[in-house]
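The values are calculated or read from the model by the stated rules, or taken from the named source; none is laboratory data. Please read these numbers as outputs of a predicted model, since none were measured by experiment. Every residue, glycine as well, gets a Cβ built from its backbone with ideal geometry; the counts of neighbours run over all protein chains shown.
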Amino acid sequence: MTVRTAVALTTREYHPFEAAGRRFVYMVPSAAVFGLDETSAAVLDALGERRMSADDLADDLADRFVPDDVRQTVNELMQVHAIGEAGVLQEPMSRQMPPTPFPLTTMVLNVTNQCNLSCGYCYEYGDDKIVDTENGAQPKFMSEETARQSVEFMLEESRDIETVNLTFFGGETLMNFPVLQKTVEYARGRAAEMGKGIRFSLTTNATLLRADIIEWLADNDIGVTVSIDGPKEMQDELRVFKGNGRGTYDVVAPKVRELLRRHKSRPICARVTLTRNVLDVMRIYKHLTEEMGFWEVGFAPVTSSSSRDYAIGDEGFTAMLDQFNELAEDFLEAALENRHHGFSNIKDTIEEIHKGVSKAYPCGAGLGLMGVATDGDVALCHRFAGSDEHKLGTVESGIDHGLQQEFLEKHHLANKTDCHTCWARPLCSGGCYHEAYTRYGTTARPNLHYCEWIRSWTDTCLRIYGELAERNPGYLAIFDG
């Protein structure tokens, strides 16, 4: 005799989506993805309409499924927290803090706060800048001594990490090329002495690339990201030379092509800033990959106050999403055939989905990643380098772990109550600190102005992931490392 139970059940927190003719759920907050069979889909559908016990579900679905199979499915769904007892509150969001001191994995070295361009949207020199790089007290160029101190700081703070990442940034990074050369040589030697590996990269606007610099980048295996916004009319919209306001495309294009021809040891990537008048994602992508030869292209909407004339409005975000979705379909077609596709936005998100990433923080800023200003001050990240308000220490004296702990406690997802009911929070966690500061005057506030965009884009990424999981699961092995 089967003992019946009257415990009422209800659905828990998940996001449903469909891919390859199959139904899936994305579990929140565990960030797990489950494919549903017919029985589990039917159970969730039934509970979506009303509260029922396992026995009631078995009775209700008896014309389609064996009752014991329904009960077993109920148990399985309860184990993964897709359903639970009605009236029993879900466990509150974990406030578990990362262990401290947390190892530093990536250091971004702002070797100069100067630039030869005057890009209209620049967060460092434009209307939304938070540091006075022209008249402030900081040196305009990092000294070799400060760079060496930064290397020692990075190696010490990396603790037991076997391989660390050193990224050079600016301003325009190549304006301080001699310090780059000496720092790479010094860091490589010191890392070897400590039994560590070190990977170097830099970001550049490409205007100062010369044959000798390109040779050095290739010979030293330096990863390169080029800030470039697409074809000539898009690049020249806001990326112009300081002083004369001339567009930069005609100067940059041949230098980039030479870089891509010579530097083969690391993929060369493009980073595009999307603005109100530069939103033709498909055209930009095809130009940068097919016509110029970049391996990957990443797109980022401009970080700015909503009042700027280049800021992206609601209609612009809708248009951007439509084109992201179109490019995502292009990515899927390539992935199903095991061909490379360079749309890094979707690749990065799919990797996080595959690994079950569930974030308490939107990025590694102030945790495993920090930025160093030209005077050696250590900040949350490169975008805050030089800001006293966002300073965590110096390369000479080290990190103020009390300040770091205070930052991490304040910015934990558990404190962002606006995010608590959002199903996309495991991948978003409120969004970029710098954008929040620019928009709302505080790093602690979530970026509510693009919540719907994030949810829509995350749904697209989940669907693409589901298609790959069903139709070419072998492709996902590239994310297993």
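Failed condition for GLY393, given (1) surrounded by 23 or more Cβ atoms within 10 Å (Cβ to Cβ); (2) in contact with a helix residue (DSSP H, G or I) (Cβ under 9 Å, 6 or more places away or on another chain); (3) not hydrophobic (A, V, I, L, M, F, W, C), with all others met?
(1)
Of the residues GLY393, GLY376, which single one is touching a residue at least 40 places away in the same chain (Cβ under 8 Å), more than 26 Å from GLU296 (Cβ to Cβ) and not charged (D, E, K, R)? Please lay out each step first, then the result.
Values: GLY393 fails: touching a residue at least 40 places away in the same chain (Cβ under 8 Å).
One residue alone meets the criteria, GLY376.
Filter segment 374-388 down to the residues that are charged (D, E, K, R) and modelled with pLDDT under 95 and list them by number. Before the answer, list the steps.
To start, the set of residues in segment 374-388 that are charged (D, E, K, R) comprises 375, 377, 383, 388.
Hits for segment 374-388 are ARG383, ASP388.
Could you tell me whether segment 449-464 includes any residue that is touching a Lys or Arg at 6+ places or on another chain (Cβ under 8 Å), more than 13 Å from HIS354 (Cα to Cα) and among the aliphatic types (A, V, I, L, M)? Let's see the steps before the verdict.
At the first step, the residues of segment 449-464 found to be touching a Lys or Arg at 6+ places or on another chain (Cβ under 8 Å) are 449.
Filter again for more than 13 Å from HIS354 (Cα to Cα), leaving 449.
Checking the rest, the ones that are also among the aliphatic types (A, V, I, L, M) come to none.
No.
Which condition breaks for GLY402 when tested against (1) closer than 21 Å to THR106 by Cα; (2) touching a Pro at 6+ places or on another chain (Cβ under 7 Å); (3) part of a helix (DSSP H, G or I)?
Tallying (1) closer than 21 Å to THR106 by Cα; (2) touching a Pro at 6+ places or on another chain (Cβ under 7 Å); (3) part of a helix (DSSP H, G or I), GLY402 fails exactly one: (2).
Can you tell me which residue in segment 33-71 is surrounded by the fewest Cβ atoms within 10 Å (Cβ to Cβ), limited to those that are in contact with a Lys or Arg (Cβ under 7 Å, 6 or more places away or on another chain) and more than 22 Å from ARG22 (Cα to Cα)? If you could, list the steps in order and put the result at the bottom.
Applying the first criterion (in contact with a Lys or Arg (Cβ under 7 Å, 6 or more places away or on another chain)) to segment 33-71 yields 35-36, 41-42, 54-55, 58.
Next, only the ones that are more than 22 Å from ARG22 (Cα to Cα) stay: 54-55, 58.
Details: ALA54: 23, ASP55: 18, ALA58: 23.
Among them, the one singled out is ASP55.
Taking the stated definitions as given, is LEU476 modelled with pLDDT of 95 or more, farther than 20 Å from GLU326 by Cα and more than 18 Å from the chain's Cα centre (by Cα)?
Numbers: modelled with pLDDT of 95 or more: yes; farther than 20 Å from GLU326 by Cα: yes; more than 18 Å from the chain's Cα centre (by Cα): yes.
Considered against the rule, which asks whether it is modelled with pLDDT of 95 or more, farther than 20 Å from GLU326 by Cα and more than 18 Å from the chain's Cα centre (by Cα), LEU476 comes out as yes.
Give the residue, chosen from GLU389, GLU396, that is out of contact with any strand residue (DSSP E or B) (no Cβ under 8 Å at 6 or more places or on another chain), farther than 25 Å from ARG271 by Cα and not in a helix (DSSP H, G or I). Explain how you work it out, then say what you get.
Numbers: GLU389 fails: not in a helix (DSSP H, G or I).
Only one candidate passes the filter, namely GLU396.
Being without any contact (Cβ under 8 Å) to a residue 60 or more places away in the chain and outside any helix (DSSP H, G or I) is the filter here; which residues of segment 310-333 pass it?
Once the filter is applied, which keeps residues that are without any contact (Cβ under 8 Å) to a residue 60 or more places away in the chain and outside any helix (DSSP H, G or I), segment 310-333 yields ALA311, ILE312, GLY313.
Rundown of residues vs (1) within 22 Å of the chain's Cα centre (by Cα); (2) free of Cβ contacts under 8 Å to residues at least 40 places away in the same chain, yes/no style:
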{"site": "HIS81", "(1), (2)": "no, no"}
{"site": "LEU89", "(1), (2)": "no, yes"}
{"site": "MET93", "(1), (2)": "no, no"}
{"site": "PRO101", "(1), (2)": "no, no"}
{"site": "THR105", "(1), (2)": "yes, no"}
{"site": "LEU109", "(1), (2)": "yes, no"}
{"site": "THR112", "(1), (2)": "no, no"}
{"site": "LEU117", "(1), (2)": "no, no"}
{"site": "CYS122", "(1), (2)": "yes, yes"}
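Determine if segment 381-388 includes at least one residue that is out of contact with any helix residue (DSSP H, G or I) (no Cβ under 8 Å at 6 or more places or on another chain) and of a type in the set (D, E, K, R). Don't jump to the end; show me each part of the working.
Looking only at segment 381-388, we keep the residues that are out of contact with any helix residue (DSSP H, G or I) (no Cβ under 8 Å at 6 or more places or on another chain), and these are 382, 385-388.
Among the residues that remain, those that are also of a type in the set (D, E, K, R) are: 388.
Yes, the conditions are met somewhere in segment 381-388.
One line per residue, one yes/no per condition, for (1) part of a helix (DSSP H, G or I); (2) over 18 Å from LEU367 (Cβ atoms); (3) at pLDDT below 95:
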residue	(1), (2), (3)
ARG95	no, no, yes
PRO103	no, no, no
MET107	no, no, no
ASP128	no, yes, yes
ALA147	yes, yes, no
PHE153	yes, no, no
LYS182	yes, yes, no
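Checking LEU77 against (1) surrounded by fewer than 20 Cβ atoms within 10 Å (Cβ to Cβ); (2) under 27 Å from HIS354 (Cα atoms); (3) in contact with a strand residue (DSSP E or B) (Cβ under 6 Å, 6 or more places away or on another chain); (4) touching a residue at least 24 places away in the same chain (Cβ under 8 Å), which test does it fail?
(1)
Inside segment 204-224, can you point out the residues that are among the hydroxyl-bearing types (Ser, Thr, Tyr) and surrounded by fewer than 22 Cβ atoms within 10 Å (Cβ to Cβ)? Give the derivation first.
The initial filter retains those residues of segment 204-224 that are among the hydroxyl-bearing types (Ser, Thr, Tyr), namely 204, 207.
Of everything in segment 204-224, just one residue is among the hydroxyl-bearing types (Ser, Thr, Tyr) and surrounded by fewer than 22 Cβ atoms within 10 Å (Cβ to Cβ), namely THR207.
Restricting the search to segment 415-443, which residues are surrounded by fewer than 21 Cβ atoms within 10 Å (Cβ to Cβ), touching a strand residue (DSSP E or B) at 6+ places or on another chain (Cβ under 8 Å) and in a helix (DSSP H, G or I)?
Those that are surrounded by fewer than 21 Cβ atoms within 10 Å (Cβ to Cβ), touching a strand residue (DSSP E or B) at 6+ places or on another chain (Cβ under 8 Å) and in a helix (DSSP H, G or I): none in segment 415-443.
Out of ILE350, ILE346, which single residue is surrounded by 19 or more Cβ atoms within 10 Å (Cβ to Cβ), in a helix (DSSP H, G or I) and in contact with a Ser or Thr (Cβ under 9 Å, 6 or more places away or on another chain)? Step through it out loud before you land on a result.
Working: ILE350 fails: in contact with a Ser or Thr (Cβ under 9 Å, 6 or more places away or on another chain).
The unique qualifying residue is ILE346.
Is it the case that some residue within segment 227-239 is under 27 Å from the mean Cα position of the chain (by Cα) and assigned to a strand (DSSP E or B)?
Yes, the conditions are met somewhere in segment 227-239.
Looking only at segment 444-469, filter to residues that are of a type outside the set (Phe, Trp, Tyr) and under 18 Å from GLY313 (Cβ atoms); which one of those is surrounded by the fewest Cβ atoms within 10 Å (Cβ to Cβ)? Working first, answer last.
Here is the first cut: in segment 444-469, the residues of a type outside the set (Phe, Trp, Tyr) are 444-449, 451-452, 454-456, 458-464, 466-469.
From the residues that got through so far, the ones that are under 18 Å from GLY313 (Cβ atoms) too are 447-449, 451-452, 454, 456.
Numbers: ASN447: 21, LEU448: 16, HIS449: 16, CYS451: 18, GLU452: 14, ILE454: 18, SER456: 17.
Once the filter is applied, the top-ranked residue is GLU452.
Listed residues VAL272, VAL252, VAL297; which is in a helix (DSSP H, G or I), crowded, with 20+ Cβ neighbours inside 10 Å and touching a residue at least 40 places away in the same chain (Cβ under 8 Å)? Walk me through it before giving the result.
Numbers: VAL272 fails: in a helix (DSSP H, G or I); VAL297 fails: in a helix (DSSP H, G or I).
Of VAL272, VAL252, VAL297, the one residue that is in a helix (DSSP H, G or I), crowded, with 20+ Cβ neighbours inside 10 Å and touching a residue at least 40 places away in the same chain (Cβ under 8 Å) is VAL252.
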